[in-house]
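Student: I have a structure here, written as structure tokens, and I will follow up with some questions on it.
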Amino acid sequence: MDRGPRAIPLDGDPNGMFWDAENETLYIGDDQNHRILKYRDGEGVSLAVEMPDAPPNSTNLGEVVRMPDGTLVTVRFGFGTAGAVLYARPDGTTGTVPGLPTNRRRIGLTVTEDGRLYNSYFVRNSNVNVGSVALLSLDGTEQEVVGALQKPVGVLAVGDSLFIADQIAGKVYRSPLARPAELTTIATITEPDLLSLGPNGLLLTGTRQGTVVGINPVSGAQSVLASGFQHVRGIAYDAANRRLFIADHDGDESNGTTHFLQIVPVN
């Protein structure tokens, strides 16, 4: 078992991450090649699944989650024309959730304890972002439950709450699952990204400044858990081995090609 610190170069651009503790497997959304990669100790990084129906110039995938039945779900950003929700079932079949609006730029995704699926997205109207969080069904429904956001990137279900990171607003909100539209600001942070649950119940998010920030979900107190990276996107936490997996994205948005899976111990 490799606790790091270690930087593993990737042939691809990591974005969303999900640590499957039961199977000791990390799933990585490849924002460059329309596929999900996996990492296992002793095996390194390999292909988990090629996702279907990649449109030209729109291979960008966001968060990855695993449903209770083992189905992997991810979202495609789509740049306003090809937004989608994609899935890969345990038997190897893949598909695109039917009937969803393709103008929604989807990024975040989370599963509640009882198996409900929520995603975050925004649309652009006259160059103005209008963002939402929705209750999602793989049968093809997407019902808005939180509106009036700007660029909701991270969304994370913990217990009876949703946490939402709005990158443009620079806020992390708490939203009760029973009344999702009732938002409370718990933290102000520069350009927060995807959210995950970390050690001691902390919320974790990455920044474009190359840091991993831990946020106390009650007090909102912040601390830097790791730093010195490029752009930190998705983060996953392996509680059994107390290590972070970090999607380290090349900060050169026009020509960047140097991307890493970072493994960092948490003491």
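The values are calculated or read from the model by the stated rules, or taken from the named source; none is laboratory data. As the structure is a computational prediction, the values presented were derived from the model and not from experiment. A quick note on method: Cβ atoms are made from the backbone with ideal geometry, for glycine too, and the neighbour counts reach across all protein chains shown.
Student: In region 116-126, which residue that is at pLDDT below 95 and farther than 21 Å from PRO192 by Cα is surrounded by the most Cβ atoms within 10 Å (Cβ to Cβ)? Quick ask: steps written out before the conclusion?
Tutor: Filtering region 116-126 for residues at pLDDT below 95 gives 124-126.
Filter once more, so that each one left must be farther than 21 Å from PRO192 by Cα: 125-126.
Values: ASN125: 9, SER126: 4.
Looking at the filtered set, the residue picked out is ASN125.
Student: From the set of residues in region 23-60 that are charged (D, E, K, R) and either under 19 Å from LEU194 (Cβ atoms) or crowded, with 22+ Cβ neighbours inside 10 Å (or both), which is modelled with the lowest pLDDT? Explain how you work it out, then say what you get.
Tutor: Filtering region 23-60 for residues charged (D, E, K, R) gives 24, 30-31, 35, 38, 40-41, 43, 50, 53.
If we keep only those that are either under 19 Å from LEU194 (Cβ atoms) or crowded, with 22+ Cβ neighbours inside 10 Å (or both) as well, we get 30-31, 35, 38.
Working: ASP30: 96, ASP31: 92, ARG35: 96, LYS38: 98.
Here the answer is ASP31.
Student: Anything in region 61-82 that is of a type outside the set (Ser, Thr, Tyr), surrounded by fewer than 19 Cβ atoms within 10 Å (Cβ to Cβ) and over 16 Å from the mean Cα position of the chain (by Cα)? List them, or say none.
Tutor: PRO68, ASP69, GLY70, PHE79, GLY80
Student: Additional query: Looking at (1) in contact with a His (Cβ under 9 Å, 6 or more places away or on another chain); (2) exposed (fewer than 13 other Cβ atoms within 10 Å of the Cβ), which is the only condition GLY228 fails?
Tutor: (1)
Student: Looking at region 25-82, which of its residues are assigned to a loop (DSSP other than H, G, I, E, B), under 25 Å from ASN129 (Cα atoms), of a type in the set (A, V, I, L, M, F, W, C) and touching a strand residue (DSSP E or B) at 6+ places or on another chain (Cβ under 6 Å)?
Tutor: The first filter runs over region 25-82 and keeps only residues assigned to a loop (DSSP other than H, G, I, E, B), leaving 31-34, 41-43, 51-60, 67-71, 77, 81-82.
Next, from what is left, pick out any that are under 25 Å from ASN129 (Cα atoms): 31-32, 34, 54-60, 77, 81-82.
Subset that is of a type in the set (A, V, I, L, M, F, W, C): 54, 77, 82.
Residue satisfying the conditions is PHE77 alone.
Student: Which residues, taken from region 190-213, are touching a residue at least 24 places away in the same chain (Cβ under 8 Å) and farther than 24 Å from ASP238 by Cβ?
Tutor: GLU191, ARG208
Student: Further question on the same structure: Can you name every residue in region 107-129 that is out of contact with any Ser or Thr (no Cβ under 9 Å at 6 or more places or on another chain), in contact (Cβ under 8 Å) with a residue 12 or more places away in the chain and assigned to a strand (DSSP E or B)?
Tutor: Passing the criteria: VAL111, ARG124, ASN129.
Student: Pull up region 118-134, narrow it to residues that are of a type in the set (A, V, I, L, M, F, W, C) and over 16 Å from the mean Cα position of the chain (by Cα), then point me to the one that is farthest from LEU162 (Cα to Cα). Don't jump to the end; show me each part of the working.
Tutor: Step one: of region 118-134, the residues of a type in the set (A, V, I, L, M, F, W, C) are 122-123, 128, 130, 133-134.
From what is left, the residues that are over 16 Å from the mean Cα position of the chain (by Cα) are 123, 128, 130.
Numbers: VAL123: 21, VAL128: 25, VAL130: 19 Å.
Taking the candidates together, the pick is VAL128.
Student: Hey, another quick one. Restricting the first residue to region 230-243 and requiring it to be closer than 18 Å to GLU24 by Cα, which pairs with a second residue that is modelled with pLDDT of 95 or more and among the basic types (Lys, Arg) meet a Cβ separation below 9 Å and a spacing of at least six or different chains?
Tutor: TYR237/ARG243
Student: Which number in (1) part of a loop (DSSP other than H, G, I, E, B); (2) within 20 Å of PHE122 (Cα to Cα); (3) under 18 Å from the mean Cα position of the chain (by Cα); (4) not hydroxyl-bearing (Ser, Thr, Tyr) marks the one condition that ALA165 misses?
Tutor: Tallying (1) part of a loop (DSSP other than H, G, I, E, B); (2) within 20 Å of PHE122 (Cα to Cα); (3) under 18 Å from the mean Cα position of the chain (by Cα); (4) not hydroxyl-bearing (Ser, Thr, Tyr), ALA165 fails exactly one: (1).
Student: Tell me the residue from THR207, THR188, THR141, THR184 that is hydroxyl-bearing (Ser, Thr, Tyr) and closer than 26 Å to ALA21 by Cα, please. Quick ask: steps written out before the conclusion?
Tutor: Values: THR188 fails: closer than 26 Å to ALA21 by Cα; THR141 fails: closer than 26 Å to ALA21 by Cα; THR184 fails: closer than 26 Å to ALA21 by Cα.
Matching residue, one of THR207, THR188, THR141, THR184: THR207.
Student: Follow-up question, since we're still on this one. Of the conditions (1) out of contact with any Ser or Thr (no Cβ under 6 Å at 6 or more places or on another chain); (2) within 25 Å of TYR173 (Cα to Cα); (3) of a type in the set (Val, Ile, Thr), VAL64 fails just one. Which one is it?
Tutor: Unmet condition: (1).
Student: Tell me the residue from ASP252, ASP248, ASP193 that is modelled with pLDDT of 95 or more, assigned to a loop (DSSP other than H, G, I, E, B), of a type outside the set (A, V, I, L, M, F, W, C) and at negative phi, please. Even if it seems obvious, please write down each step before you answer.
Tutor: Numbers: ASP252 fails: modelled with pLDDT of 95 or more; ASP248 fails: assigned to a loop (DSSP other than H, G, I, E, B).
The unique qualifying residue is ASP193.
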